[in-house]
Amino acid sequence: MWQQCWKHFKIYALLIKLNAMRQLEYRVNIILGLLVEIGYLGIKLLYAYIIHDTGVHISGFAPQSLYLFIGTFILMTVFFVAMLQFNIMAFDRQIIEGEFDLILTKPVSAQFLATLKYVETWMVIPNVIVGLGLVGYGWYASGIAFDVLHVGLYLLYAVLGVLTMYCVFTLPLLLAFKLHNISAFHSLVWALWDFNNLPHRIFPSPIQIIGTVFFPIFLITNFSPLAIMGQLSLGEMVWGALAPILLFLLTCWGWQRAISTYESGGG
């Protein structure tokens, strides 16, 4: 098992390199994309500054602590855009046009290759810089100890958040094996993603339960800041660690069931 994980890790590192080289062929696109990303980040920074400047406590959270949530959201957006966005957009096309046939012939996991082969590299750089800066400032301003325990908790729930993100947005893609065209799903992706921008506790209790248990999108960006702030109960900490693993097992099981119905070229 560990050998397979290491093998796919090395393949993914190679995919990052190949995608970065391919994107360098169109340097003007990279520059324009970076400018667009900087514009979006400017809006987010203005939004964060306005919240901080008001001095209002939102659902018991001090204004400076919200930088942790916004910064974590931006960092997770890096993983979302780099790992998933373009794979989600291309997934049903691979099935309709028969490109999925070639994926099945490769000596690696078809699930891995079909859902992770496109990697965005250059355009996420501003998000990495700003996201780390906001998290660092929020961490310092909130008076949270910068030690092994807190850093380890943050990274643990960040990794589990990335795993949750992969599963939450990959599971609906399996409908493409039956419906073939799932373009309507693409329009929902960003709308769902924006729910993670602020602490989930600002929402009514029913939405919190749905977004944490039944459709655990809040686990992606919320649990890392909440863990280091000591705002997670023992049950929430256990669920935050267990849910991503269960989701991943469900995703793998669903993939095996869905791929058994695949018909070449959508025919």
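The values are calculated or read from the model by the stated rules, or taken from the named source; none is laboratory data. Here the structure is a predicted model, which is why all the values come from computation and not from measurement. Note that each Cβ is placed from the backbone with ideal geometry, even for glycine, and that neighbours are counted across all protein chains shown. To get the accessible areas, we keep the full protein, side chains included, count just its heavy atoms, and leave off ligands, DNA and RNA. Shrake-Rupley method; radii C 1.70, N 1.55, O 1.52, S 1.80 Å.
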**Study point:** In the stretch 168-182, the residues that are in a loop (DSSP other than H, G, I, E, B) and open to solvent by less than 30 Å² (accessible area, probe 1.4 Å)
**Key:** 182
Review point. Residues of the stretch 6-27 being charged (D, E, K, R) and over 21 Å from residue 108 (Cα atoms), which ones?
Key: 22, 25, 27
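Take the residues of the stretch 38-71 that are among the aromatic types (Phe, Trp, Tyr), modelled with pLDDT under 80 and over 16 Å from residue 144 (Cβ atoms): which is nearest to the chain's Cα centre (by Cα)? Step through it out loud before you land on a result.
Of all residues in the stretch 38-71, those among the aromatic types (Phe, Trp, Tyr) come to 40, 47, 49, 61, 67, 69.
Next, only the ones that are modelled with pLDDT under 80 stay: 47, 49, 61.
Right, trim to over 16 Å from residue 144 (Cβ atoms) and you get 47, 49.
Numbers: 47: 21, 49: 24 Å.
Only one residue fits best here, namely 47.
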Practice item. Filter the stretch 122-167 down to residues that are of a type in the set (Val, Ile, Thr) and closer than 28 Å to residue 23 by Cα and give me whichever is surrounded by the most Cβ atoms within 10 Å (Cβ to Cβ). Key: 164
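On the basis of being polar (S, T, N, Q), in a helix (DSSP H, G or I), open to solvent by 30 Å² or more (accessible area, probe 1.4 Å) and under 17 Å from residue 173 (Cβ atoms), does residue 85 make the cut? It would help to see each step written out before you state the result.
Details: polar (S, T, N, Q): yes; in a helix (DSSP H, G or I): yes; open to solvent by 30 Å² or more (accessible area, probe 1.4 Å): yes; under 17 Å from residue 173 (Cβ atoms): yes.
Considered against the rule, which asks whether it is polar (S, T, N, Q), in a helix (DSSP H, G or I), open to solvent by 30 Å² or more (accessible area, probe 1.4 Å) and under 17 Å from residue 173 (Cβ atoms), residue 85 comes out as yes.
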Study note, to complete from the structure: Checked pairs for the stretch 191-202, first of a type in the set (Phe, Trp, Tyr), second open to solvent by less than 60 Å² (accessible area, probe 1.4 Å), C-beta under 7 Å and 6 or more apart or across chains, list as 193/80; 195/211; 195/217
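Quick grid of which residues meet (1) touching a residue at least 40 places away in the same chain (Cβ under 8 Å); (2) closer than 30 Å to residue 179 by Cα; (3) open to solvent by less than 20 Å² (accessible area, probe 1.4 Å); (4) assigned to a helix (DSSP H, G or I):
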site: 18; (1), (2), (3), (4): no, no, no, yes
site: 33; (1), (2), (3), (4): yes, no, yes, yes
site: 50; (1), (2), (3), (4): no, no, no, yes
site: 72; (1), (2), (3), (4): yes, no, yes, yes
site: 95; (1), (2), (3), (4): yes, yes, yes, yes
Review point. Looking at the stretch 232-249, which of its residues are surrounded by 14 or more Cβ atoms within 10 Å (Cβ to Cβ), of a type in the set (Gly, Ala, Ser) and more than 14 Å from residue 153 (Cβ to Cβ)?
Key: 243
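Can you tell me how many residues in the stretch 135-158 are within 17 Å of residue 244 (Cβ to Cβ) and either modelled with pLDDT under 90 or not aromatic (Phe, Trp, Tyr) (or both)?
Of the stretch 135-158, the ones within 17 Å of residue 244 (Cβ to Cβ) are 152-158.
With either modelled with pLDDT under 90 or not aromatic (Phe, Trp, Tyr) (or both) added as a condition, the list becomes 152-153, 155-156, 158.
Number of matching residues: 5.
Scan the stretch 185-198 and give yes if some residue there is charged (D, E, K, R), open to solvent by 20 Å² or more (accessible area, probe 1.4 Å) and either modelled with pLDDT of 85 or more or over 20 Å from the mean Cα position of the chain (by Cα) (or both), otherwise no.
Pass one, the stretch 185-198, residues charged (D, E, K, R): 194.
Now drop any that are not open to solvent by 20 Å² or more (accessible area, probe 1.4 Å), which leaves 194.
With either modelled with pLDDT of 85 or more or over 20 Å from the mean Cα position of the chain (by Cα) (or both) added as a condition, the list becomes none.
No, the stretch 185-198 has no match at all.
Output the residue which, of all residues in the stretch 1-15 that are of a type in the set (A, V, I, L, M, F, W, C) and surrounded by 14 or more Cβ atoms within 10 Å (Cβ to Cβ), is nearest to residue 64 (Cα to Cα). Even if it seems obvious, please write down each step before you answer.
Step one: filter the stretch 1-15 for residues of a type in the set (A, V, I, L, M, F, W, C), giving 1-2, 5-6, 9, 11, 13-15.
Subset that is surrounded by 14 or more Cβ atoms within 10 Å (Cβ to Cβ): 11, 15.
On the way: 11: 40, 15: 38 Å.
Out of the qualifying residues, it is 15.
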